[in-house]
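Below is one structure, written out as structure tokens, with a few remarks after it.
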Amino acid sequence: MGTRHGKGAEMSHEFQGPSHEDPHVSKATAGDKKVSSRRQLDFELEFFEGILERCPDFVDVLRVHANNLTTRGLYARGLEADRRLVQLRPNDPITHYNLACSHALLLQTDAAIAALESSLKLGYLDFEHLLGDPDLERVRDDARFLGMLGRHLKRLKRSSKSC
């Protein structure tokens, strides 16, 4: 899973620990950290599902939950959450971007391109992220992606000249 935009960035699944070395504390192995991180992620999935059962339109929780589902490899469920977010925030370019990522992870290129198009039309401007996001790797190989990107860059260039 790549770096989904705007989802769960404020949450970390790994305990950072103290900033100084304590000789009395044994160092956790990479495997221990991975297990701990997975347990934390599973806890958050269950916790946020409980909140969403009571408050299904809680956008901030739904965003983090969608990110956690995708991180856990539950792409179809992440897609459902992203679709719900687009319903709740239809004019938010990041929700459309994340929907595109979910479609791309499920190898649904046509739907991913359509969601990216919507995201760009709504004002998504983080082209560096778009071009480097591993979730969209297969979509970037599609000729339609380059055409879409070119159209939006031209539009931006025209609009910046008019200012």
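The values are calculated or read from the model by the stated rules, or taken from the named source; none is laboratory data. Only a predicted model underlies this, so the values are computations on that prediction, with no experimental measurement involved. As a convention, Cβ positions derive from the backbone with ideal geometry for all residues, glycine included, and neighbour counts pool all protein chains shown.
Structural remarks
- Restricting ASP133, ASP92, ASP126 to residues that are modelled with pLDDT under 95 and either within 18 Å of LEU62 (Cα to Cα) or acidic (Asp, Glu) (or both) narrows the list to ASP126.
- The listed residue being surrounded by fewer than 23 Cβ atoms within 10 Å (Cβ to Cβ), in contact with an Asp or Glu (Cβ under 7 Å, 6 or more places away or on another chain) and within 19 Å of ASN67 (Cα to Cα), out of LEU130, LEU88, LEU99, LEU107: LEU88
- Where VAL86 falls short, out of the listed (1) closer than 25 Å to ARG38 by Cα; (2) assigned to a helix (DSSP H, G or I); (3) over 11 Å from the mean Cα position of the chain (by Cα): (1)
- Residues in region 110-127 that are among the hydroxyl-bearing types (Ser, Thr, Tyr) and part of a loop (DSSP other than H, G, I, E, B): TYR124 only.
- Which numbered condition PHE58 misses (of (1) of a type in the set (Phe, Trp, Tyr); (2) surrounded by fewer than 19 Cβ atoms within 10 Å (Cβ to Cβ); (3) closer than 17 Å to PRO134 by Cα): (3)
- Within region 121-133, being free of Cβ contacts under 8 Å to residues at least 60 places away in the same chain and touching a helix residue (DSSP H, G or I) at 6+ places or on another chain (Cβ under 9 Å) holds for LYS121, LEU122, GLY123, TYR124, LEU125, PHE127, LEU130, LEU131.
- Close contacts from region 134-154, counting a first residue that is assigned to a helix (DSSP H, G or I) and a second that is among the acidic types (Asp, Glu), with Cβ to Cβ under 8 Å and a gap of 6+ residues or different chains, come to MET148/GLU117.
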